[in-house]
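Report on the following structure.
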Number of protein chains: 4
Amino acid sequence: MKVAIYHNNHDVRVEEQPIPKPKEGEILVNTKACGVCVADTMEWYLSPRAPLSLGHEPTGVISSIGPNVENFKEGDRVFVHHHVPCLICEYCRKGNFTMCKTFRSTHIHPGGFSEYFIASKMHVERDTLKLPDHVSFEAGTLIEPLACIIHAIKKAKVQPGDSVVLIGAGTMGLLFIECLKYWGVRDLIVYEIMDWRKKNALEFGAQHVLMPDKEPEVEAKRLGEILKSNGADKVFIAAKDIGAMNLGMQLATKGGTITFFATPAPSESIDLYPSHIFFNEITITSTYSADHNDTRMALDMIANGGVSASKIISHRFRLDQLSDAILQTQSRDESLKCIIRFE
Amino acid sequence: MKVAIYHNNHDVRVEEQPIPKPKEGEILVNTKACGVCVADTMEWYLSPRAPLSLGHEPTGVISSIGPNVENFKEGDRVFVHHHVPCLICEYCRKGNFTMCKTFRSTHIHPGGFSEYFIASKMHVERDTLKLPDHVSFEAGTLIEPLACIIHAIKKAKVQPGDSVVLIGAGTMGLLFIECLKYWGVRDLIVYEIMDWRKKNALEFGAQHVLMPDKEPEVEAKRLGEILKSNGADKVFIAAKDIGAMNLGMQLATKGGTITFFATPAPSESIDLYPSHIFFNEITITSTYSADHNDTRMALDMIANGGVSASKIISHRFRLDQLSDAILQTQSRDESLKCIIRFE
Amino acid sequence: MKVAIYHNNHDVRVEEQPIPKPKEGEILVNTKACGVCVADTMEWYLSPRAPLSLGHEPTGVISSIGPNVENFKEGDRVFVHHHVPCLICEYCRKGNFTMCKTFRSTHIHPGGFSEYFIASKMHVERDTLKLPDHVSFEAGTLIEPLACIIHAIKKAKVQPGDSVVLIGAGTMGLLFIECLKYWGVRDLIVYEIMDWRKKNALEFGAQHVLMPDKEPEVEAKRLGEILKSNGADKVFIAAKDIGAMNLGMQLATKGGTITFFATPAPSESIDLYPSHIFFNEITITSTYSADHNDTRMALDMIANGGVSASKIISHRFRLDQLSDAILQTQSRDESLKCIIRFE
Amino acid sequence: MKVAIYHNNHDVRVEEQPIPKPKEGEILVNTKACGVCVADTMEWYLSPRAPLSLGHEPTGVISSIGPNVENFKEGDRVFVHHHVPCLICEYCRKGNFTMCKTFRSTHIHPGGFSEYFIASKMHVERDTLKLPDHVSFEAGTLIEPLACIIHAIKKAKVQPGDSVVLIGAGTMGLLFIECLKYWGVRDLIVYEIMDWRKKNALEFGAQHVLMPDKEPEVEAKRLGEILKSNGADKVFIAAKDIGAMNLGMQLATKGGTITFFATPAPSESIDLYPSHIFFNEITITSTYSADHNDTRMALDMIANGGVSASKIISHRFRLDQLSDAILQTQSRDESLKCIIRFE
């Protein structure tokens, strides 16, 4: 089988490897499509550990099953989540599944950028989902990214009727817009600096799409006038630059919640003024990855038409073009989701 | 009547003023006791606005009532909360009562450091509480500070079984210990640097009372060993120095919550590393003052013996000794709560 | 001014009364439209207390204001909620506003079926809402009924992704369908016995609209097959006959919640088998009326297009035709919402 | 090894069986103590399925471990929960673990009334808890019953400050009292008809212990006077007779919650008046068994001294006296918890 091996963003080599055999409880999946994530483009993070097999947004058809697999059979069309929790550690028992050690150390082998991959017994039992007939393999690649957004919305306790600010209208931002509408949010203000993305945000249904003022305080004042309040109930920062974070810190109303959905490098920091959050009872929270409840709801939303995959997926590549797909994703040039298709 | 007028911590003058008459819906209270709060000692904040009448932890006897007061009568023993919310603005409707404009602008007149004070119609309707016979005027002065702690514990969503870190074991810290035990918390680690306070914390029931290491990361490691986890489920920072805040930021477990219970000056800041809170799904929140639900629960706890006023109130002063009471509170010298008693 | 006086469903007389003058804090509203509620047709309940002025779903224009009205002025287009809570009693403090004594005893005078009515100071402060320009007086009459549905959905803690059963697809049922979709519900099964109502339910977006089997147990089995589970996460009984209630009791999944949205006469009862709810951890709850938070969200939904008033309001009558409107509502003949229009 | 085989309450025979060997992931436990549950006395339920090995409140020492057991070793002192959930089905994902099919079908073999028993791989991974040194085997037998109470208190969403009614002050009732105090409840009214149990309830800290009036409505009135309200925020019915249930249905305040903690036979029913629960927004809920989170908190409470095992365990028997222990439990004669001790 063909497997893409990542060395750096410009150097991804397709190698031939033997097709693995599924063991006890395992399944072998013949990959049909796999999304390219922004995390697949973070060279500084990936290159030092290269060579690597990437790809964590895969769908495919079960090619064969190991002994004692009960709920799946050859030919099933599936999505497999690459991370699965132990379900029983202290984090899992408190519902913080993405903090679980098992969650962070589980993977599919060799990855979604491969003609075949193995899903372990734990993957099969806990987060392998059958795709309904009318959900395409392409649409299924959105389950994982969408689940991350659902995770954030649930963590921030979004309620119908909340006013919401979203910073960043890239692919994830657009999925956020669709998701927030699904949650009953109607007062939605999006901040974005790139014109083509602003246009997208409007098309996806944001009421207001704004270029932020350079001064967060000035922008906060403008927002207050739009919302006729001191700010938004919920602020999602779906951008990873410090400027977006400093902006977001000023846009929550008294008693509001700011959620960090992305992260800059570990060395980067912002100034937190305790008196500001104290007198305004601000809550700052954060959200990492997605759990097996989120993926199920993501599939549900896609199946029910709550998310329009055809509008989100803009570019399709072959496996031997993975480097091109990575560079396209990294370019932020007029593209939304790039996926790899397998014939 | 005698009223204490604050100029600065060393200069508080008792003046004679006419006893006011309660109007429509108002009550006149003959003050019996009033606690001295740390906020009453913040000279940099108070002096520029002086002369001032302070005192927001008062109890007393209703001396006379205005027309159309329904639920109270002369002779009733009461606590009056100095701030009351409008109950209908957007903040109040979302339960963020202490963010309400009315809440922040309401006061008793002239204040609790006065032989008599007027509670307005709104105060009478919304947050004037009758003291049960067995709750002394002294014990009643703890309702307001205790309510602030209850507010914090509720905001942080403390659950029985949570592991909790508390930074600071002053008077408020000790009330925190009693309150957390009332909430079912048993794994309680207190950080404190002063010896006599550490002793108090142990006596009040904290399992572990520690001197923090200078390096928050080192302390985090030690805490992890004690709790056999990555940190505490809930961290309360009941100290207002930046060092305590930097310490607190490192002590929450993955998925945990850090609550700022006090604030440094507005210009002071700490470094917030988004990647740290992102990968650990940390929540940072804050809590300001207390609402009318909190005061009711505070009285309930005092009446039921959940808080031992006699152990918390260490010094009693006459009204003409208010400056001494302020200086004693400020000194952090072996004193807990100082109150003013009226004969 | 003309006021409709109810004697019985067939006997409603329009009388001439003097236009009242608003006192301190009050407003006088010139009624423009008022919905007819099923409660306005319950002769057994109303006749013994007749003559009565009814009408609790009114909108209009402020005709004059009393002294010290701050947030409203002559000419404002408004909805007035007939019941308002005290906001401070034990029920209100726990958020159970519709259980408040004040809530149950407050009314507008003489009522919404009158050319003019007075809203008291409490009504003005707590639950009088300005209609945005693009919300018609007709659409505004839906605020109160819609708020009742929002109240139920919040009480039942509906989450996006829940499977929901709704029993009854009358006017309230259709509003339920729109509301549940707003809340992110996609798995929605409606039970209804009348053909024209079933057609409506489908048009409003229910996936399944079913005629229930006579045997609740048989129906429960069929539902389980549709939902591939033991029943629905949430069951709403929006019908007031005992049969609907007995049906609803069987349709919740293990751990599910059944909500009574309507009531039969006080003497009617159903058999509750403790062992059934015990072994299945069923929750039964109920919901009465709507509070000031619900009306605000209802207006928000109407203003944002979440509810289509034009599809819900099917019949319009003049004030002197109120008896006709009541009889039409009572008939369950192909009508949805009937309203009274004032020129 | 000796195993007690149940035929009926008067006929329990100790048989000799070979000691089983633990397989992959399993442990063999040498039983030290096992509590007798009221369910072990329900002859009508047990006899038809006899012969049976019972005992689901066991503690013991690990005698040997199978291959690949990671977190336990020979000699560990443990409690094993007899039911464990799959953790991944729809019920588990919603947190309704006790509704899970796997939960209901899992058991220890042959049972806790046996000198040795096998805990399966799932039991070992999910709900086998090490006893701290200072928790005796006797005290550990209370983990399971206490966990059931914790399950109920969490399901009913008890908050500190709630007023609570408890019907029934048997062994479970007394554990309820201790647990409710741990949860911060101080307003606690207990209904009980047997004198020696009433005395116990008072000793365990209930404020009021009452003999209920024969007429639930009369009792409701008396309760209202005690609580100065319309009833209790939370009502727990920890008795399995219909009379207790009819009583409990009347004792909740408007907006309150009634929890069925025990069940009568499946054929028994009470009359539910929808109008009563509708106008009072009553919630009725129920609680079955306990999950792996509850057992952990139960152990935590026992280890921290929140529950006094020595006051709860009143009688100790040898394995060959199991019939006596069952009859003693059934008699309701002045006994609390009966346990079987193994030497």
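Some notes on this structure:
- DSSP beta bridge pairing in the stretch B:77-214, given as percent antiparallel to the nearest 5: 35
- A dipole drawn for chain D from +1 and -1 charges on Cβ atoms has a positive end, and of D:50, D:71, D:282 the residue lying farthest that way is D:71.
- Counting neighbouring beta carbons within 10 Å and listing from fewest to most, the residues A:253, B:259 come out as B:259, A:253.
- Acute angle (nearest 10 degrees) that the helix A:171-182 long axis makes with the longest principal axis of chain A, alpha-carbon atoms: 70
- For the stretch B:6-134, with +1 on Lys and Arg beta carbons and -1 on Asp and Glu, the positive-most of B:62, B:38, B:88 along the dipole: B:88
- For the pair the stretch A:222-292 and the stretch D:249-328, the centres of their Cα atoms are 44 angstrom apart.
- Of A:240/B:234; B:73/D:221; C:254/D:94; B:254/C:157; A:157/D:94, those spanning more than 19 Å from alpha-carbon to alpha-carbon: A:240/B:234; B:73/D:221; B:254/C:157
- In order through the stretch D:258-269: 3J(HN,Hα) via Karplus (6.51 cos²θ - 1.76 cosθ + 1.60), integer Hz, x for Gly, Pro: 10, 10, 8, 9, 9, 10, x, 4, x, 7, 7, 9
- Close amide H contacts of residue B:210 (hydrogens built in the peptide plane, cut-off under 5 Å, sequence separation of 5 or more or a different chain): B:190, B:191, B:192.
- Size estimate for the stretch C:267-343 follows the Kirkwood approach: the inverse of mean 1/r over distinct Cα pairs works out to 16.6 Å.
- Counting Cβ atoms of other protein chains within 10 Å of each residue's Cβ and taking the mean over peptide C:85-95 gives 5.
- When exposed loop sites are taken as trypsin sites (Lys or Arg not before Pro) in a DSSP loop with at most 16 other Cβ atoms within 10 Å, the longest stretch of chain B clear of them is B:229-317.
- In the protein assembly as shown, the inverse of the mean reciprocal separation of distinct Cα atoms equals 34.1 Å; this is its Kirkwood hydrodynamic radius.
- Cα centre as origin, Lys/Arg/Asp/Glu Cβ charges: the protein assembly as shown dipole, Debye: 0
- Unit charges on C-beta of K, R, D, E only; dipole of the stretch B:22-155, Debye: 520
- Ascending count of other beta-carbon atoms within 10 Å, so fewest first, for A:125, D:24: D:24, A:125
- Projecting the Cα atoms of A:189, A:247, A:210 onto the charge dipole of the stretch A:182-265, computed from C-beta unit charges around the Cα centre, puts A:189 farthest toward the positive end.
- Magnitude of the charge dipole, chain B, Cβ model with Lys/Arg +1 and Asp/Glu -1, debye to 20: 540
- Where both bridge residues fall in the protein assembly as shown, DSSP classifies roughly 55% of the beta bridges as antiparallel.
- Relative to the longest principal axis of the Cα atoms of chain C, the long axis of helix C:216-227 lies at roughly 90 degrees.
- Between the stretch A:5-24 and the stretch B:1-49, the alpha-carbon center distance in angstrom: 77
- C-alpha long axis of helix B:292-303 to longest principal axis of chain B, angle in °: 90
- Dividing the summed helix terms, -39500 (n - 2.57) for each DSSP H run of n ≥ 4, by the number of residues in chain B produces a 222 nm estimate of -8500 deg cm²/dmol to the nearest 500.
Computed from the coordinates by the stated procedures, all read-outs in this text should not be read as laboratory data. On a predicted model such as this, the values are computed, not experimentally measured, just so you know. Counting neighbours? That spans all protein chains shown, and the Cβs are built from the backbone with ideal geometry, glycine included.
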